[in-house]
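The values are calculated or read from the model by the stated rules, or taken from the named source; none is laboratory data. Just so we're clear, the structure is a prediction, and the values are computed from it rather than from any experiment. No Cβ is skipped: glycine too gets one built from the backbone with ideal geometry, and neighbour counts run over all protein chains shown.
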Protein chains: 4
Amino acid sequence: MNYFCIEKDFGIDALRLKEKPVPRPGHGQVLVRVRAAALNYRDLLMAGGSYSRNLPLPLIPLSDAAGEVVEVGEGVACWQPGDRVAGTFFQDWDGGGITGEVPDSALGGAIDGVLAEYVVFRERGLVSLPAHLSFEEGATLPCAALTAWHALESGNLASGQSVLTLGTGGVSHFALLFARAAGARVIATTGSEAKAERLRQLGAGEVINYKTEPNWEERVWELTNRRGVDLVVEVGGAGTLGKSLKAVRPGGHISLIGVLSGATGEVNPLPAVMKSVRIQGIYVGSREQFAAMNRAIELHRIRPVIDRVFPFAEAKAAYHHLQSGAHFGKVVIAV
Amino acid sequence: MNYFCIEKDFGIDALRLKEKPVPRPGHGQVLVRVRAAALNYRDLLMAGGSYSRNLPLPLIPLSDAAGEVVEVGEGVACWQPGDRVAGTFFQDWDGGGITGEVPDSALGGAIDGVLAEYVVFRERGLVSLPAHLSFEEGATLPCAALTAWHALESGNLASGQSVLTLGTGGVSHFALLFARAAGARVIATTGSEAKAERLRQLGAGEVINYKTEPNWEERVWELTNRRGVDLVVEVGGAGTLGKSLKAVRPGGHISLIGVLSGATGEVNPLPAVMKSVRIQGIYVGSREQFAAMNRAIELHRIRPVIDRVFPFAEAKAAYHHLQSGAHFGKVVIAV
Amino acid sequence: MNYFCIEKDFGIDALRLKEKPVPRPGHGQVLVRVRAAALNYRDLLMAGGSYSRNLPLPLIPLSDAAGEVVEVGEGVACWQPGDRVAGTFFQDWDGGGITGEVPDSALGGAIDGVLAEYVVFRERGLVSLPAHLSFEEGATLPCAALTAWHALESGNLASGQSVLTLGTGGVSHFALLFARAAGARVIATTGSEAKAERLRQLGAGEVINYKTEPNWEERVWELTNRRGVDLVVEVGGAGTLGKSLKAVRPGGHISLIGVLSGATGEVNPLPAVMKSVRIQGIYVGSREQFAAMNRAIELHRIRPVIDRVFPFAEAKAAYHHLQSGAHFGKVVIAV
Amino acid sequence: MNYFCIEKDFGIDALRLKEKPVPRPGHGQVLVRVRAAALNYRDLLMAGGSYSRNLPLPLIPLSDAAGEVVEVGEGVACWQPGDRVAGTFFQDWDGGGITGEVPDSALGGAIDGVLAEYVVFRERGLVSLPAHLSFEEGATLPCAALTAWHALESGNLASGQSVLTLGTGGVSHFALLFARAAGARVIATTGSEAKAERLRQLGAGEVINYKTEPNWEERVWELTNRRGVDLVVEVGGAGTLGKSLKAVRPGGHISLIGVLSGATGEVNPLPAVMKSVRIQGIYVGSREQFAAMNRAIELHRIRPVIDRVFPFAEAKAAYHHLQSGAHFGKVVIAV
């Protein structure tokens, strides 16, 4: 089978296409023929070598894949050949709170990922694909979608509440879709009128152009009758957190997802105290949450926004496309 | 001003229409001109004398009213004349968990209610009416709607989950509307094809006729792919709780609201253990929850279903109409 | 190796002592030399054939064991030979809410249990034993102790709150110990003065003899200044649930654990509504909860109460002793 | 009656002792004869004029007082003359989540405070004093103690968990006492060996001297077997938050209370994401929480640590003493 790997040099163009025998599933394992994989900002950091100093090289990159079960190992009860599945970002996080061991099972980082024709997953490292989704669509779910879902769930988002999303990246557009499906009002920011229009089509109640309106946090405040939003899906890191703290209501919730944007910098935490705000770091999510998200996706027949699908052989071009920032929605690789 | 009261005899026809001076608001109080009141099953029990042995007679009945602020007492900051408001069922439950003292402030029971032209409320015993609702519509919210809202909130209802509602009473139809606005799937039961059709129009995904399908709990089980519903809004008491325990999923939630239906009887609690089910008694809700509900009502422009509006002078006819069970939705009295 | 099994006939004396080769751990599995096992009421039901109609016979009984790791299978990272461990009641419940699949992994019921010299566990089907506990003490934790821990956790027990425990069975005495370690006040019931004295020694603030005081729920009410207890660990099923509903405070919590006592019968659910009580079915707990419990056991150096230890060869005598009801604390079998 | 006020100039020595008639309680109000008041760091900021630009002058300072009820207004059911009470920091926060209006009822800031011989409170702006506490001890509870209680409750502190406290200020020493009463392990920091010894006497399991051990966060990490603490009571603001983020476990909780220390500065939020940490701003607490805290204080017979009691006439000396930083525990003014 063919697969890509980060062998010993970093950089998109250093990715190597290689070949090895199709692996066999052991006890409690499942062999999946990958049909599509999707890229996240994290994958650019991985390829560039800036994500972690301890990457176990050589490493098969990417965390997000969908495909079909080909063979199950001994003791596997919940899957059979032909099942349409997606892998879980963390192979070892069934449910409950995160623990220190969970990150050790992150695909395409701590362990080999999915940019390959076949991958062996842990039995509980898979979920069923929503029936109405293609493999390309399903491949977008494991990281960005689940992060967005978790971000809303951790703030106990309820019908009638308001959510602030920032920009049009993968997590933000999923947060918009899921917040709408939960009966919430969404206020979104973007720097482009074209993207603003698409955000409105996806269900944003109001869109603020942060270029023409640099003090957008004040506008959020006004749009909520000076009450503030209930929940912020904060993907901008220190660069926007200060403004988010102004836009959120007293007692409100900020889900912090800076790792995906690679943002750094510092912020004054004092306003969080004065407004009794909760800031919750979000790092993808558990299999239990993935399953709950998929039920919402099925019920609402939500379709992820795909910017472009690249063939397997042009995987590097997919990376470059994501890096260009020109996309709206997910960049996918058909395998 | 005119008002009705339960003077010393019980029975709908013993309700007395009387007159007294318009009261004045004291420190921290607000005088409201009542424009509409709504009936609940509880009010039939009150009028009939079967709700409690300790009713403080004479008693102005009814808990649910909407109207406009006429005058505010000293120290009142949040209201001014002209504000459109609804009273809170419990005058003394701002937020947080219920305490033993809360029921002592129940309108139309522990203290005088709202079937009157003017009522003095506690400053925090009022909420703003959603702007798109008439007074008649707003009057339906304090008891039935808030009970339904609380029933869903206590089960942490999330988008993509499934809810079972029983029948077409006030709480059940609000539960259906709110569950839909929260992105949940609703399975409803009823005993009439005509009502089934209306339930579908209001958003029920599936309706089961419990007359033609007496083992409706098995059908619920099948409709959820033998997973069970996530949440039951149980208004039938012991009469249906056994079936609800079969219809709910392992780890699921049953909001128990039997007091409103006057149901009695016994049930075997063992299945709740085997399935790790949570049964939560629901007794209306707090002002904090009322405000959250109103934000959802406003965002989704939800309109309560009103069966019929009676003029103030025909209040007794309204009681008789509710007692007949022929209604679908709320019975309202315009004041 | 030697092991006991329920072969095809039921009854304690039908348990068969048999022999087979020591099993080998597969991928993700761990071989443990069992050093002690403990009995629960559930095991009497299993042996008697009344627990379930679908027991997979022949079945190795018992869910609770402690021992040391002998060998680890491929891919096992968290254990090594020599580790002192206890098995988890459910081999497949890492954390989060229970699902419908979890019971399929119950030791000594859905799958083979631990009354054997060697047992193969799933890698995540083990926890470390608290260092200060013997194997006999550690063997008491998987079912009764974890059930008690979960019962308190599900009610968010906090320092300064009050807990009602019923009788002196395994779950109740652990609930007493854990409630005290959480800074709560414990009111306990028992039918014997001798046991009352032992309950006081273990930390019960008040003990009520339900034989001399059949209306013990009224006494609980008085002891809490007519406020009611915050949490009931209800092991009596329908037989005591009615009284527990009277003893609990408005808004309080009842953890229902009837399955362990085999109780049946019915109860009127209406008081749960009037008092806004939550009744939560408890079915042991997850590995995540087990680990948290063990941290509390270590910090407080809690020692389970062991009534008597039987040698492996006299396992049937241990069953008979438990059945006699004469014990106070856990009945253990040294292997 | 006599009272102190910030009239129009700022600074401790600008506090004015004045006289006015004893006020009378209106509807729903309660007159209390103040017997003791306590100082918080916030009061130094108030007196110095640096807390807020919008202080309503003249202002009676201080938020914390205990005393006895002298007279109740119309409609007051829960209090009677002679009751021993403490005022709530926020006069209008009964329970539930904080809202934007709550801070408008903060004593000694938004509204007149308690450095007076008599104060009129809202009926629900009082709690009963624990019976074993003197007025001086009771006066220390409304701000510092409740903040500490809320800080632990917001992290769902459970028995067996670990808590990190910073220094020996009012909030930190209460957090230590409450964490111990909840069965948690406490690791404390301080800069003085003498204070370290007192922290150990109060129940700290380990104390780290941050002067001799500037990388104290690494020591916390080691003391928890490289797992990290479950909860940090963070009173140091940006100055220590970076270290607290290193000391807390993945998935852990940091209660942020910087407002009390006046800390400013910035911090990199990225580690909160990578470790899935929750940072919760804490701003005192509700009456419901105060009542729960008092039940814990009573059950465990907790006694606040009082550094020194000044007579009413020497109130300014009390301020200066607090400002000196030489205290361990609370500075109180007997009235």
Residue satisfying all of: in the stretch A:300-313; under 15 Å from the mean Cα position of the chain (by Cα) and closer than 12 Å to residue A:133 by Cβ; surrounded by the most Cβ atoms within 10 Å (Cβ to Cβ) among these: A:304
Evaluate the stretch A:100-121: report whether one residue or more is touching a residue at least 40 places away in the same chain (Cβ under 8 Å), of a type outside the set (A, V, I, L, M), touching an Asp or Glu at 6+ places or on another chain (Cβ under 8 Å) and under 21 Å from residue C:74 (Cβ atoms). no
What number goes with the only condition from (1) without any contact (Cβ under 8 Å) to a residue 24 or more places away in the chain; (2) surrounded by fewer than 23 Cβ atoms within 10 Å (Cβ to Cβ) that residue C:224 does not pass? (1)
Can you find even one residue in the stretch A:53-71 that is at pLDDT 95 or above, among the acidic types (Asp, Glu) and in contact with an Asp or Glu (Cβ under 9 Å, 6 or more places away or on another chain)? yes
Looking only at the stretch D:250-271, filter to residues that are more than 22 Å from the chain's Cα centre (by Cα) and either buried (at least 24 other Cβ atoms within 10 Å of the Cβ) or among the aromatic types (Phe, Trp, Tyr) (or both); which one of those is modelled with the highest pLDDT? D:252
Sort out which residues of the stretch B:77-91 are within 14 Å of chain D (Cβ to nearest Cβ) and at pLDDT 95 or above, and write them in order of number. B:79, B:88, B:90, B:91
In the stretch A:236-249, residue nearest to residue A:158 (Cα to Cα) [restricted to those that are at the interface with another protein chain (Cβ under 10 Å from one of its Cβ atoms) and not in a strand (DSSP E or B)]: A:245
By residue number, the members of the stretch A:43-58 that are among the aliphatic types (A, V, I, L, M) and either under 20 Å from the mean Cα position of the chain (by Cα) or crowded, with 24+ Cβ neighbours inside 10 Å (or both) are A:44, A:45, A:46, A:47
Filter the stretch C:96-111 for residues that are buried (at least 20 other Cβ atoms within 10 Å of the Cβ) and farther than 25 Å from residue A:290 by Cα; which is nearest to the other protein chains (Cβ to nearest Cβ)? C:109
Inside the stretch C:147-189, the number of residues satisfying the requirement of being β-branched (Val, Ile, Thr), more than 12 Å from residue C:253 (Cβ to Cβ) and touching a Lys or Arg at 6+ places or on another chain (Cβ under 8 Å) is 2
From the list D:273, D:309, D:305, exactly one residue is more than 14 Å from chain C (Cβ to nearest Cβ) and in contact with a Leu (Cβ under 6 Å, 6 or more places away or on another chain). Which is it? D:273
Given (1) surrounded by 20 or more Cβ atoms within 10 Å (Cβ to Cβ); (2) away from chain C (no Cβ under 14 Å); (3) among the polar types (S, T, N, Q); (4) over 22 Å from the mean Cα position of the chain (by Cα), index of the condition residue A:40 fails: (4)
Taking the stretch C:17-63 as the search range and keeping residues that are of a type in the set (D, E, K, R) and in contact (Cβ under 8 Å) with a residue 40 or more places away in the chain, which one is farthest from residue C:105 (Cα to Cα)? C:35
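If you scan the stretch B:109-151, which residues turn out to be assigned to a helix (DSSP H, G or I) and more than 17 Å from the chain's Cα centre (by Cα)? Working first, answer last.
Taking the stretch B:109-151 first, the residues assigned to a helix (DSSP H, G or I) are B:123-125, B:135-138, B:141-151.
Listed by number, the residues that qualify are B:123, B:124.
Does the stretch D:181-221 hold any residues that are charged (D, E, K, R), touching a residue at least 24 places away in the same chain (Cβ under 8 Å) and in contact with a Gly (Cβ under 8 Å, 6 or more places away or on another chain), and which are they? Walk me through it before giving the result.
Pass one, the stretch D:181-221, residues charged (D, E, K, R): D:185, D:193, D:195, D:197-198, D:200, D:206, D:211, D:213, D:217-219.
Still in the list and also touching a residue at least 24 places away in the same chain (Cβ under 8 Å): D:185, D:195, D:198, D:217-218.
Selection gives D:185 alone.
Hey, can you tell me all the residues within the stretch D:125-150 that are touching a helix residue (DSSP H, G or I) at 6+ places or on another chain (Cβ under 6 Å) and either on the phi > 0 side of the Ramachandran plot or not hydroxyl-bearing (Ser, Thr, Tyr) (or both)?
Once the filter is applied, which keeps residues that are touching a helix residue (DSSP H, G or I) at 6+ places or on another chain (Cβ under 6 Å) and either on the phi > 0 side of the Ramachandran plot or not hydroxyl-bearing (Ser, Thr, Tyr) (or both), the stretch D:125-150 yields D:127, D:129, D:130, D:144, D:145, D:146, D:148, D:149, D:150.
Check whether at least one residue in the stretch C:251-262 is away from every other protein chain (no Cβ under 12 Å) and either out of contact with any helix residue (DSSP H, G or I) (no Cβ under 9 Å at 6 or more places or on another chain) or in contact (Cβ under 8 Å) with a residue 40 or more places away in the chain (or both), and report yes or no. Break it down into steps so the answer makes sense when it comes.
First pass over the stretch C:251-262, keeping only residues away from every other protein chain (no Cβ under 12 Å): none.
Checking the stretch C:251-262: not a single residue is away from every other protein chain (no Cβ under 12 Å) and either out of contact with any helix residue (DSSP H, G or I) (no Cβ under 9 Å at 6 or more places or on another chain) or in contact (Cβ under 8 Å) with a residue 40 or more places away in the chain (or both).
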Filter result (farther than 27 Å from residue C:176 by Cα, touching a strand residue (DSSP E or B) at 6+ places or on another chain (Cβ under 7 Å) and aliphatic (A, V, I, L, M)) within the stretch D:180-223: D:188, D:196, D:199, D:207, D:208, D:220, D:223
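Would you say residue A:79 is aromatic (Phe, Trp, Tyr), within 20 Å of the chain's Cα centre (by Cα) and part of a loop (DSSP other than H, G, I, E, B)? Steps first, answer last, please.
On the way: aromatic (Phe, Trp, Tyr): yes; within 20 Å of the chain's Cα centre (by Cα): no; part of a loop (DSSP other than H, G, I, E, B): yes.
When the stated conditions are applied, residue A:79 does not pass them.
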Residue check, residue C:331 against (1) part of a helix (DSSP H, G or I); (2) surrounded by 20 or more Cβ atoms within 10 Å (Cβ to Cβ), all met but one. Which one? (1)
Residue D:125 meets each of (1) more than 14 Å from chain B (Cβ to nearest Cβ); (2) crowded, with 22+ Cβ neighbours inside 10 Å with one exception, condition (1)
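Here is a list: C:308, C:301, C:287, C:278. Which entry is charged (D, E, K, R), at positive phi and out of contact with any Pro (no Cβ under 7 Å at 6 or more places or on another chain)?
Numbers: C:308 fails: at positive phi; C:287 fails: at positive phi; C:278 fails: at positive phi.
That would be C:301, the only listed residue that is charged (D, E, K, R), at positive phi and out of contact with any Pro (no Cβ under 7 Å at 6 or more places or on another chain).
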Taking the stretch D:16-57 as the region of interest, how many residues are assigned to a loop (DSSP other than H, G, I, E, B) and in contact with a helix residue (DSSP H, G or I) (Cβ under 6 Å, 6 or more places away or on another chain)? 4
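Mind checking which residues of the stretch C:277-299 are buried (at least 18 other Cβ atoms within 10 Å of the Cβ) and either under 23 Å from residue C:203 (Cβ atoms) or within 14 Å of chain D (Cβ to nearest Cβ) (or both)? So that I can check it myself, show each step before the final result.
Taking the stretch C:277-299 first, the residues buried (at least 18 other Cβ atoms within 10 Å of the Cβ) are C:277-290, C:292-297, C:299.
Matches in the stretch C:277-299: C:282, C:285, C:288, C:289, C:290, C:292, C:293, C:294, C:295, C:296, C:297, C:299.
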